[in-house]
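Presented below is the structure to which this report refers.
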Amino acid sequence: MGATTSVHRTIDAVWRMESAKVIAALARYTRDVGLAEEMAQDALVAALEQWPEEGVPRNPGAWLTTTAKRRAIDQIRRRENFNRKVEEIGRDVQEATPDASEGIEDEIGDDLLSLIFTACHPVLGTEARVALTLKMLGGLKTEEIARAFLVSDSTVAQRIVRAKKALADAGVPFEVPEGPELAPRLASVLEVIYLIFNEGYSATQGDDWMRPELCAEALRLGRVLAELAPKEAEVHSLVALMEIQASRSKARTGPGGEPVLLLEQDRGKWDWLLIGRGLKALERAEALNQPPGPYYVQAALAACHGRARKAEDTDWQRIATLYQVLAQISPSPIVELNRAVALSMAFGPAAGLALVDEIAGEKALQGYHLLPSVRGDLLMKLGRTKEAKAEFEKAASLTRNERERTLLLERAAACD
Amino acid sequence: MRFMVFVRSPLPLAALHKDALVRAGVLLDVGDLVPAAFGVSGYWLIDVRTKEEAVERVRRIPLPACVVEIRQVAVV
């Protein structure tokens, strides 16, 4: 029994490592990602039957691919009108399994990239894209995805079935998009990876351990993508952003699970290895000399904090400049509010307050508790305590977070 | 979970054989060490999902004859 479980754990590991490559290689031939995924699952079932008896083969990935291809041929033979495809796949199965060499790696790389672009195709809703990506690229089981997203197994299973059907119905080709199509398609891929990361990042104490694991999953996917598409600055930027954010995971909550603000975090608890990796990824993005995209600016902002061993060392002038760049790429009053905070840190509270007052009338900021909260903070620093008190009280009435409300009321009381 | 993989060999091998780990998105750090007779010649620090995955990933690396030790990094 012990030996069986150990083989099963090895099969699990092999599956997570190989499934994306198996599905990708198969999809290249069948041109049907849904079929490719099903046949890969069949190959997994075969492995679960045979490997505990016969042992894990020397090259398990090749074994899975060959088995899956044979199943695909059987499957397609049953639908007789696919004769030409059968010939193509048949020829390939006859050929000896090639050893890994440069050319083969490139081919696998292209297939994997095609698979990522297909799983993240914009014809699919975000939930479907996330589920397909974790299933086909991450090698996660349906129940693992369900646990990570706090939904039922059947919900995830349905999402995947519908997504595969939607891809087939839309006739989405299995390829890497080119030309003007590339940018929006890449944006869709990056969005999915960052969504997965943030889902993991929002996990709280007591959550299923699969939830925080999503951060690691997204990081691995991002790093894989950075190797597959090394000339895309936004890919490196997203990796940089995730590495730096992940570096703070041990410092961002207090002993009671309460959130600790960035400037108040114990930087000794930051993971400096990940910060170093993030800064390196950012350098790779910068070396490509492309116009700054939204992930670049966010990563560069995160890096300003990451470079500072102490909160006082933060380069606020650079942060203010980066928020200005971000405001140009995606203008929003909330970005302006952040810029106001950066300006106040760099040049004093009066500079920040001038900008806050400029944007205070913005419709999007009405009812947003951080506007009076920031304004109160700046007024307080300027010694205008009476006005500050009113702002803190207003902010307290707007926030829905109990802990934050207490904090704001304390600040209001301190103004007297 | 993180694993530190020590490679023991007369000549450094870790940096030379890092590519597959990089492509898989699991390599956090790699280093070769100054040679010492029969000592550790280099290391990989990897982030993988299970111990079995660490073993499988390392097993696939086409290393010449050498001894490899895989140790899980303690979580503080």
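The values are calculated or read from the model by the stated rules, or taken from the named source; none is laboratory data. Source: prediction; values computed, not measured. Positions of Cβ are generated from backbone atoms using ideal geometry, with glycine treated the same way; all protein chains shown enter the neighbour counts. These area figures cover heavy atoms from the full protein model, side chains too; ligands, DNA and RNA do not enter into them. Shrake-Rupley method; radii C 1.70, N 1.55, O 1.52, S 1.80 Å.
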remark   = Semi-axes of the stretch A:158-253 from the Cα gyration tensor (sqrt of 5 times each eigenvalue, largest first, whole Å) come to 28, 20, 9
inquiry  = Please compute the Kirkwood hydrodynamic radius over the protein assembly as shown, one decimal place, Å, based on all pairs of different Cα atoms.
reply    = 25.2 Å
query = Helix B:51-60: angle to the longest alpha-carbon principal axis of chain B, degrees 0 to 90, nearest 10?
reply = 40 degrees
task = Starting from the Cα-Cα distance between A:F347 and A:R384, subtract it from 0.36 nm times their residue separation and give me the gain in nm to one decimal.
result = 11.5 nm
Cα-based reach from A:K231 at 16 Å (exclusive), listing lysines while leaving out same-chain residues under 8 positions away = A:K280
ask   = Expressed as an acute angle from 0 to 90° and rounded to the nearest 10, what is the orientation of the C-alpha long axis of helix A:385-398 relative to the principal long axis of chain A?
value = 30 degrees
key: Around A:Q245: net Lys/Arg minus Asp/Glu count, Cβ-Cβ under 11 Å   = 0
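Calculate the FRET efficiency for A:A414 and A:T253 from the Cβ-Cβ distance with a Förster distance of 30 Å, rounded to the nearest 0.05. The partial results should precede the final answer.
Working: r = 25 Å, r/R0 = 0.83.
So, using R0 = 30 Å, E works out to roughly 0.75.
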request  = Using only Cα atoms, tell me the angle between helix A:272-287 and the longest principal axis of chain A; keep it within 0 to 90° and round to the nearest 10.
outcome  = 80 degrees
message = Straight-line reach only, C-alpha to C-alpha below 20 angstrom: list the lysines that A:K69 could link to, leaving out same-chain residues fewer than 8 apart.
response = A:K21, A:K85, A:K135, A:K164
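How much net charge surrounds B:G42 when only other residues with a Cβ under 10 Å from its Cβ are counted (Lys, Arg +1; Asp, Glu -1)?
+1
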key: Within chain B: Cβ-based charge dipole about Cα centre, in debye rounded to nearest 20 (Lys, Arg +1; Asp, Glu -1)   = 120 debye
query = Taking the Cα atoms of the stretch A:105-226, what is the range of coordinates along each of the three principal axes, in descending order and whole Å?
reply = 46, 30, 25
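So if each residue of separation counts as 0.36 nm, and I subtract the Cα-Cα distance between A:V151 and A:R9, what length gain in nm does that give?
That pair, A:V151 and A:R9, stretches by 48.6 nm at full extension.
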ask   = How about the stretch A:298-344: which trypsin sites (Lys or Arg not before Pro) there lie in a loop by DSSP and see at most 10 other Cβ atoms within 10 Å?
value = A:K310
query = What size of dipole, in debye to the nearest 20, comes out for the protein assembly as shown about its Cα centre when the only charges are +1 on Lys and Arg C-beta atoms and -1 on Asp and Glu C-beta atoms?
reply = 600 debye
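Diagonalise the Cα gyration tensor of chain B and give the resulting equivalent ellipsoid semi-axes, square root of 5 times each eigenvalue, largest first, whole Å.
The equivalent ellipsoid of chain B has semi-axes of 19, 13, 11 Å.
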ask   = log10 I(q)/I(0), Debye, Cα-only the stretch A:367-416, no solvent, q = 0.26 Å⁻¹?
value = -0.85
query = What does the helix-only formula give at 222 nm for chain A: each DSSP H stretch with n ≥ 4 adding -39500 (n - 2.57), the total divided by the residues, and the result rounded to the nearest 500 deg cm²/dmol?
reply = -23500 deg cm²/dmol
message = P(r) for the stretch A:256-386, please, calculated from all Cα pair distances in 10 Å bins and given in %.
response = 12, 36, 36, 16, 2, 0
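Heavy atoms only, probe 1.4 Å: what % of the accessible area of the stretch A:268-363 goes to carbon and sulfur, would you let me know?
52 percent
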query = When the Cα centres of the stretch B:36-76 and the stretch A:312-352 are compared, how far apart do they sit, in Å?
reply = 45 Å
